[in-house]
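S.K.: Below is one structure. I have some questions about it.
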Amino acid sequence: MTETAVAPAMTLKPTTNKVSIVMFSGTADKFIPLGVLTQAAAAMGMECDVFVTGFALLGFTKVPHDLPFPAEFAGMAPALMQGMAASHVAPWDTMLRQAKAMGAKVHACSMMSEVMGLKLEDFGDLVDDVVGAATFVASAAGGETFFI
Amino acid sequence: MTETAVAPAMTLKPTTNKVSIVMFSGTADKFIPLGVLTQAAAAMGMECDVFVTGFALLGFTKVPHDLPFPAEFAGMAPALMQGMAASHVAPWDTMLRQAKAMGAKVHACSMMSEVMGLKLEDFGDLVDDVVGAATFVASAAGGETFFI
Amino acid sequence: MTETAVAPAMTLKPTTNKVSIVMFSGTADKFIPLGVLTQAAAAMGMECDVFVTGFALLGFTKVPHDLPFPAEFAGMAPALMQGMAASHVAPWDTMLRQAKAMGAKVHACSMMSEVMGLKLEDFGDLVDDVVGAATFVASAAGGETFFI
């Protein structure tokens, strides 16, 4: 366990103008709401932090991984992808890139990165840094929080 | 991408008396906590907003879809449904209807509705309107937020 | 439906120094972020409440259940567990026990416990009590909230 406390609770700076997302699930469908929520929040001038951990780290590596659709809905995946193309919905990483251009930050979980043998240089340009969970939890106080 | 910013962050009206839920997962089990959390929040006089997106939209159409149980727990589904009947637990849509009678609102995601070819008239009476993610994110500020 | 309102919304005591987690998913991978988030929050002196419901209750019984890995990533489970051992990451229940030693509380959902035929004495020592969802929702106001 490499986590250490980074800040006493009293130093938290509460804000209601922030969206903080733990991105854990690694199935392809879950990356769509990640893109949508970060893009929407950043476009409104809200702070936006994403903490990537678990299997979702595989969506952020330089060497691309083929992210699976959830087993229960795999049969609907082709129609869904076709519908997204027809509606001109940007891919999740384009939306997240737009969010980052407006100030959103993406952090890879230090513990799970180590467990999966990933270093900062193994991640693509979407990842800003590698941090511990405590840093994320402290920073998320007062804002909207989601676990995807 | 049809999302547009709807409000600058400075117009957010923070409240701690609100529960805002993104309902994304489309497996049958996840609809139970949706019903329970909305009913509990509304019964306590809290504001309650549900933003339905992704495969979960299939649970709100007029033409009913057979929602799958998660693959890992499909074998336990019959016992679970039997236990819910024996404990006289109301179905999720009954609980959500009770929450709506007390003021809860259900919004379908405009982007994913378009992707899946669904219009407001395709949804059952549980859905109040079709809105963008930015509207939901702005409205959720200051309250409890969950991604199911 | 055995839920009843426990408190009017006006009695909520908002705090930004709190993390409240609904633990619903029963796959083995999701217990890792439960341990990490609770341990991180408690170590920073934040209040921490976990509301266990759904299939996740199976992770807290005295009689142990073999929790499945998510179907999509089952093939990666052995490498992940090996990586966690190599990185000396504590098991999720050890992390949660550390969080509890620092003040975190774990509540089993009364409704789903009844549905699954589980009483307080059926749970291991990690579970503090059996409560209704309304109690959890009221208590979570003002803090960070996650649905795992």
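Rule-based calculations on the coordinates, nothing more; no lab input. None of the values given here were measured: they were computed from a predicted structure. Because the Cβ atoms are built from the backbone with ideal geometry, glycine has one as well, and the counts that use them run over all protein chains shown.
S.K.: If you line up the long axis of helix A:77-86 against the longest principal axis of chain A, both from Cα atoms, how many degrees apart are they, to the nearest 10?
M.R.: Compared with the principal axis, the helix lies near 90 degrees.
S.K.: So which trypsin sites (Lys or Arg not before Pro) in segment C:53-148 are both in a DSSP loop and have at most 16 other Cβ atoms within 10 Å of their Cβ?
M.R.: C:62, C:119
S.K.: Count, for each residue of C:52-61, the Cβ atoms from other chains sitting within 10 Å of its Cβ, then give me the mean as a whole number.
M.R.: 2
S.K.: Another question about this same structure. Mind checking the mean number of beta-carbon atoms from other chains within 10 Å of the Cβ atoms in A:26-37?
M.R.: 5
S.K.: Follow-up. Relative to the longest principal Cα axis of chain B, at what angle does helix B:31-43 sit, 0 to 90 degrees, rounded to 10?
M.R.: Once rounded, the angle reads 60 degrees.
S.K.: Charges at C-beta only: +1 for Lys and Arg, -1 for Asp and Glu. How large is the resulting dipole of the protein assembly as shown about its Cα centre, in Debye rounded to 20?
M.R.: Charge dipole, the protein assembly as shown, about its Cα centre: 700 debye, nearest 20.
S.K.: Per DSSP H run of n ≥ 4, the term is -39500 (n - 2.57); total these for chain A, divide by its residue number, and report the mean residue ellipticity at 222 nm rounded to 500 deg cm²/dmol. Mind showing how you got there, number by number?
M.R.: On the way: 5 runs with 47 residues, N = 148.
It comes out at -9000 deg cm²/dmol, rounded to the nearest 500.
S.K.: Taking the label point as lying 7 angstrom from Cα along the Cα-to-Cβ axis, what are the distances from residue A:75 to the corresponding position in the remaining copies, in ascending order and in nanometres?
M.R.: Nearest to farthest, the other copies are at 2.2, 2.2 nm.
S.K.: Express the relative contact order of chain C as a whole percentage, based on alpha carbon pairs under 8 Å and six or more residues apart in sequence.
M.R.: Numbers: 236 pairs, mean separation 61.1, N = 148.
Contact order relative to length: 41 percent.
S.K.: Shielding of A:68-75 by partners, i.e. mean partner chain Cβ atoms within 10 Å per residue?
M.R.: 6
S.K.: I've got another one for you. Nearest-to-axis residue of chain C, judged by Cβ, for the C-to-A rotation, with distance in whole Å?
M.R.: Whole-Å result, nearest residue of chain C to the axis: C:71, 2.
S.K.: Starting with the highest mean, order A:108-114, B:127-133, B:86-92 by the number of other Cβ atoms within 10 Å, averaged over the residues of each peptide.
M.R.: Working: A:108-114: 22.7, B:127-133: 18.9, B:86-92: 15.9.
Top to bottom by mean Cβ count within 10 Å: A:108-114, B:127-133, B:86-92.
S.K.: Another question about this same structure. As a test, work out the antiparallel percent of DSSP beta bridges whose residues both lie in chain A, rounded to the nearest 5. Provide the component values of the computation, followed by the final result.
M.R.: Working: 1 of 18 bridges.
Bridges in chain A are about 5 percent antiparallel.
S.K.: Based only on other Cβ atoms within 10 Å, what is the fewest-to-most ordering of A:66, C:29?
M.R.: Working: A:66 6, C:29 22.
Fewest to most other Cβ atoms nearby, the residues stand as A:66, C:29.
S.K.: Under a straight-distance cross-link criterion of Cα-Cα below 13 Å, which aspartates and glutamates are reachable from residue B:119, leaving out those fewer than 8 residues away in the same chain?
M.R.: Within the straight-line limit of under 13 Å, residue B:119 reaches these aspartates and glutamates: B:128, B:129.
S.K.: Among rounded, prolate and oblate, which fits the protein assembly as shown when a ≥ b ≥ c are the square roots of the eigenvalues of its C-alpha gyration tensor, a/c under 1.5 means rounded, and a/b larger than b/c means prolate?
M.R.: Since a/c stays below 1.5, the shape of the protein assembly as shown is classed as rounded.
S.K.: Related question: Cα-based Rg (one decimal) and Dmax (whole number) for chain C, in Å?
M.R.: 15.7, 49
S.K.: Where does helix B:92-101 land angle-wise versus the long Cα axis of chain B, in degrees 0 to 90, nearest 10?
M.R.: 40 degrees
S.K.: Between copies, how far does the label point of residue C:101 sit from its twins, in nm, shortest first, when each point is 7 Å from Cα along Cα→Cβ?
M.R.: Label-point distances to the other copies, shortest first: 5.0, 5.0 nm.
S.K.: Still on this structure, I have one more. Taking a point 7 Å out from Cα toward Cβ as the label site, list the nm distances between residue C:64 and the same residue in every other copy, smallest first.
M.R.: Spelled out, the distances from residue C:64's label point are 4.1, 4.1 nm.
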